[in-house]
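What follows is calculated from the coordinates using simple rules that are stated; it is not laboratory data. Given the structure is predicted, the values throughout are model-derived calculations rather than measurements. Positions of Cβ are backbone-derived with ideal geometry, glycine not excepted, and every protein chain shown enters the neighbour counts.
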Amino acid sequence: EKWRLFFLYRGFDFNSGFTWKYYKNWGKEKNMKKNYFESILGFFTLLVSLTFLFKFVNVNTDNNETYQLKAKFLKAGGISSGNDVKMRGVKIGVVSNVYLDNDYFAVVDFQVYKQILVPKESIVKIASDGILGNKYLSVTPIGSNLDEILSNNMEIKEVEDFESIEDQVSKIIFLATQ
């Protein structure tokens, strides 16, 4: 009976449906006052949320301040689009795509910030933030000639394939049995 009174108050009559008699007085409750403070607070909340939305979209969109590099792996376990690219622990870019090529190698395309110059003599490996952490690409410069720099769409030839925990444990067990 309580629900029936609620719907009747809102303009719905169970016998005849929605009646004009109740509809024309809808929203004109006697206890309702105009509250300008709530309107200003609602507008301010909407303004702040739109500002955060704009900043979020602006930060997470692709821009022309990066260049594309790639590396081919036998196993690219756990790496996916959106993972970080780090050099000596500092984020220098983002993984943009992971796919198989015609020779069934795992190709990892990644973007590097323009202000970071990656030497041609660099090694790329898939690393992990701890045991259960996210995977990321680790780029490490090697050799003495750091003047030759990679440019857009070039491939880093020196790679170190991904080793899962199971692979590492099996190596330890194999070495212990020898």
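In this calculation the C-beta distance from residue 68 to residue 129 is compared with R0 = 22 Å, giving a FRET efficiency of 0.35. Cross-linked pairs 86/114; 86/120; 75/135; 70/171; 72/114: Cα-Cα separations exceed 20 Å for 70/171; 72/114. For residue 118, the residues whose modelled amide H falls within less than 5 Å of its own, excluding neighbours fewer than 5 places apart on the same chain, are 150. The GluC sites (Glu not before Pro) found in segment 121-162 that occupy coil by DSSP, while having at most 16 further C-beta atoms within 10 Å, are 148.
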